[in-house]
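What follows draws every value from the coordinates through simple rules; no lab data is involved. Bear in mind that the values here come from a model prediction, so they are computed numbers and not experimental data. Don't worry about glycine lacking a Cβ; one is built from the backbone with ideal geometry, like all the others, and counts go over all protein chains shown.
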Amino acid sequence: MSMDRPAILIVEDEALVGLEIELAFREMGIAEVRWAPDLEKARQILNSEAIDGAVLDVLLGDTEVFPLAEELARRGIVFVFHTGHAQAVDINRQWPTSPVFRKPVASAQVARGLLDMLPDGAPAQ
Amino acid sequence: MKLADWRLSHLPVAAFVCRRDGKLLAANGAAPSILGNFGLTSGRSPFDQFTWDEDPANPRPGRALLAAGVEAALHNQRIQVQRPDGTRYRIAIGLQPIPNRAGRTVALLCCPFTAGEDLSMRLMLARHAAIIQNSDDAILSKDLNGIITSWNPGAERIFGYSADEAIGKPVAMLIPAGRENEEPEILARLRRGERMDHYETMRQRKDGELIQISLTVSPIRAPDGTIVGASKIARDVTEQQRARDRQELLTREINHRVNNVFAIANAIVALSTPFASSPQALSRAVRERLDALSRAQRLSRPGLADDNLASVSTTLDALVDTIAKPYESNEPTARRRIRFAGPEVTVIGGAVSNLALVIHEFAANAAKYGALSQPRGTVDLDWRLDGENIALTWVEHDGPSIAVPPATTGFGTLISRRVMVDQFGGTMDLDWRPAGLVARLSIPVEKLTR
C-alpha cells in the first residue's frame with residue numbers, strides 16, 4: 001500500500017450499488033478497489049490485504065456494520081458510512097470523524113469523501 | 001329510664017329513645033357513632049339536627065319526620081344530619097312508636113344507621129359492583145401502604161393472580177425489576193391527593209410476562225375527606241403498543257426500501273451509461289432494467305401482518321415468470337418463449353432483486369442477439385438441486401447461428417458475474433454454441449433463502 005496508490009474496500013450488500021461506487025473510485029484513478037457483500041468477506045479481505053480506506057454500508061442484510069467500523073478504527077483505517085437508514089445523527093455521535101452519506105447519493109461524492117480523508121489526499125482526478 | 005338504658009345498651013345497633021315531642025330520653029353507646037355527640041344532648045331533640053335528604057336546598061324540619069313517626073312506624077327514612085358547623089352528612093333512620101296502655105304514643109324508639117346500609121345505597125353499590133365485575137379493565141384498590149384491598153375479574157385476567165392470591169399482598173408484586181421506584185412515587189402523589197390519568201407503564205404478570213398497561217389512579221377518601229387508599233384502573237395496551245411498534249417498523253422498513261430502490265436506480269443509470277451506444281439505447285436499457293426490478297420488488301412486497309418485514313420471500317418460479325412476462329405473448333393460446341421448470345425454491349429479501357436482474361440480463365440479451373430475436377426462437381430455463389447449490393441451465397433454441405462468441409464485456413455480463421460470483425459465491429459459465437447460448441449458473445441455496 002502507498003498513498004499514491006491507495007487500496008479501497010467497499011462493504012455493501014447490494015451488488016449494483018457496490019459496483020457503482022467501485023466504478024466511481026476507478027474513474028478517480030483508484031485501481032485497487034475491493035468489494036465485500038458481508039462482514040465475513042470484509043474481514044477476510046482485511047486480513048489478507050492492505051486496505052487504506054473503506055466505504056461502509058450500515059445495514060448488511062440484517063447485520064449492522066459497526067463491529068467492523070470498530071475494527072477499522074483500531075487498525076487506523078479511515079472510513080465513511082453510506083446508509084439508507086435515518087440514523088445519521090447516532091452514527092455521527094459515535095464516529096465524529098467519519099462522514100455519513102445518506103442513500104441515494106452520487107457515488108462520486110462518496111468516493112471523494114473517503115479520498116479526502118486519506119493522509120496524502122486523493123490522486124489527481 | 002333505667003330500664004330503657006339497660007335495653008338500649010343491649011341493642012346491636014345505634015338507638016335512642018325520645019319523647020313524642022322529640023326530647024331525648026336515652027341513647028346507647030353506638031348512637032354517637034352515627035349522630036355525633038352534638039345531636040344527643042339529654043332533654044333536647046335530635047330531630048332538630050335533621051333535614052330531609054330529598055330537598056336539602058329547602059330543608060324541612062326533622063319535626064315533620066317526628067310527627068309522622070308518632071303516627072306510624074317508619075323505615076329507612078333518608079335524612080341528613082347537620083353538624084354544629086353547618087356541614088351535613090347522610091344517614092337513614094327508622095322510627096318505632098312506643099304506645100302506653102291506652103294506645104297513645106308516648107315515646108319513640110329511633111334507630112339511625114349509616115347511609116351505606118340504606119337500600120338505595122345498596123342498589124347503587126350492587127350496580128357499581130356489577131360494572132366492576134364485568135369490566136375488561138383491571139380495577140383494584142389499595143390502601144396507603146400499597147396493600148391490595150380489592151381485585152376484580154379483569155385484574156385476574158390481565159395480571160394472572162386470583163382475587164384470593166392478590167388481596168392482602170403488596171401491589172408492588174406487579175412491578176417489574178427496574179421500576180421499583182414507581183410505586184413509592186405513586187403513593188406519594190396519592191397522599192397529596194393527586195390523580196394520575198393514563199399513565200403508561202409496564203407491569204409483570206404472574207407468569208412473568210411483561211405487559212404494557214395504561215394506568216389511572218385516583219385517591220379514595222373516607223367520609224371525613226381523609227385519603228385512605230386508591231382505586232387503580234389498568235388497561236392492557238400491549239396489543240396497541242405492538243400495533244404501534246409494527247407500524248413504526250413498517251415505516252422504517254419502507255423508508256429504507258425506498259432509499260435503497262433509489263440507490264439501485266442510481267447505480268443502474270450510472271452503470272448502464274458507459275455501455276450504451278446512444279441516449280436512446282441507454283434510456284431503453286435503463287427502463288427495462290428498472291421495470292424488471294420493480295416487478296421483482298412487487299413479489300417481495302412486505303405484508304402488514306408480517307412481524308419480520310425484511311424477510312418476505314417469493315419463489316424462483318414466480319420470479320422467473322414475472323421477469324419473462326415482457327417476452328411472452330398476451331394471447332392465452334400462444335406458446336411460451338421462455339419455458340421454465342424446476343423444484344420449488346424460496347428466494348428471500350435482498351436476493352430477489354439481484355437474481356431478477358441476472359435473469360433479466362439473460363432474457364434481454366437473448367431478445368437483442370440470441371434466440372428471442374427470432375420469431376421461432378425459444379429458451380429453456382431449468383433448475384435442480386445439486387447438493388448445497390441450485391444449478392440453473394439456460395439453453396437457447398432456434399436463434400441466429402453463432403459463428404464467433406460475442407465479446408462479454410457488456411453490462412449484462414459484468415453485473416451477472418458480479419452478482420453470481422462475488423455476491424452469491426456461485427459460478428457462471430457461458431458456452432456460445434453455434435446453435436445458441438448455453439449458460440450454466442450455480443448458486444448456493446443458502447444465499448437465496450437466508
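Calculate the mean, over all residues of peptide B:418-427, of how many other protein chain Cβ atoms lie within 10 angstrom of the residue's Cβ. Please list the in-between numbers first.
On the way: counts 7, 5, 1, 0, 8, 12, 2, 3, 0, 0.
Across B:418-427, the average partner-chain Cβ count within 10 Å equals 4.
Peptide A:22-32 has a mean of 1 when you count, residue by residue, the C-beta atoms of other protein chains within 10 Å of its C-beta.
For the pair B:T87 and A:E64, a Förster radius of 56 Å applied to the C-beta separation gives a FRET efficiency near 0.25, rounded to the nearest 0.05. Can you tell me which of A:D90, A:D57, A:D38 moves the most in a GNM of chain A? Springs connect C-alpha atoms under 10 Å apart. Looking only at A:D90, A:D57, A:D38, the largest GNM fluctuation is found for A:D90.
Among the residues of B:254-267, the average count of other protein chain beta-carbon atoms within 10 Å of the residue beta-carbon is 6. The H on the amide N of B:L11, modeled in the peptide plane, is under 5 Å from the matching H of no residue at least 5 residues off or on a different chain.
At most 14 other C-beta atoms within 10 Å and a DSSP loop state: those are the exposed GluC sites (Glu not before Pro) I care about. Give me the longest piece of chain B that has none. Between the exposed loop sites, the longest stretch runs B:55-179. Of the trypsin sites (Lys or Arg not before Pro) found in segment B:77-113, those that fall in a DSSP loop while having at most 16 other beta-carbon atoms within 10 Å are B:R101, B:R104.
The trypsin sites (Lys or Arg not before Pro) of segment B:145-221 that meet both conditions, a loop assignment by DSSP and at most 10 other Cβ atoms within 10 Å of the site Cβ, are B:R192. The simple Förster model, with R0 at 35 Å and r as the Cβ-Cβ distance, assigns B:V228 and B:S9 a FRET efficiency of 0.70. Compute the FRET efficiency between B:D382 and A:E32 as 1/(1 + (r/R0)^6), taking r as their Cβ-Cβ distance and R0 = 30 Å, and round to the nearest 0.05. About 0.15, to the nearest 0.05. Taking 7 Å steps out from each Cα toward its Cβ at A:A106 and B:V438 produces label points 4.8 nm apart. Each Lys and Arg adds +1 at its Cβ and each Asp and Glu adds -1 at its Cβ; summed about the Cα centre, the protein assembly as shown shows a dipole of about 2980 debye. Our helix-only sum for the protein assembly as shown, with -39,500 (n - 2.57) per DSSP H run of n ≥ 4 divided by its residues, gives a mean residue ellipticity at 222 nm of -11000 deg cm²/dmol.
Taking every lysine pair in the protein assembly as shown that is 8 or more places apart or spans two chains, those with Cα atoms closer than 27 Å amount to 12.
In segment A:9-94, which GluC sites (Glu not before Pro) are in a loop and have at most 12 other Cβ atoms within 10 Å, using DSSP for the loop call? Spell out each step's value before the answer.
Working: sites: A:E12, A:E14, A:E20, A:E22, A:E27, A:E32, A:E40, A:E49, A:E64, A:E70, A:E71; in loops: A:E12, A:E14, A:E49.
Loop-located and lightly packed - A:E49.
Candidates B:N266, B:L11, B:A126 compared by Cα position along the dipole of the protein assembly as shown: farthest toward the positive end lies B:L11, with charges placed on Cβ. With the simple model of a label 7 Å out from the Cα in the direction of the Cβ, B:N330 to B:R78 spans 7.9 nm. Taking chain B as a Gaussian network of alpha-carbon nodes connected by springs under 10 Å, the highest mean-square fluctuation of the residues B:L11, B:L299, B:L271 belongs to B:L11.
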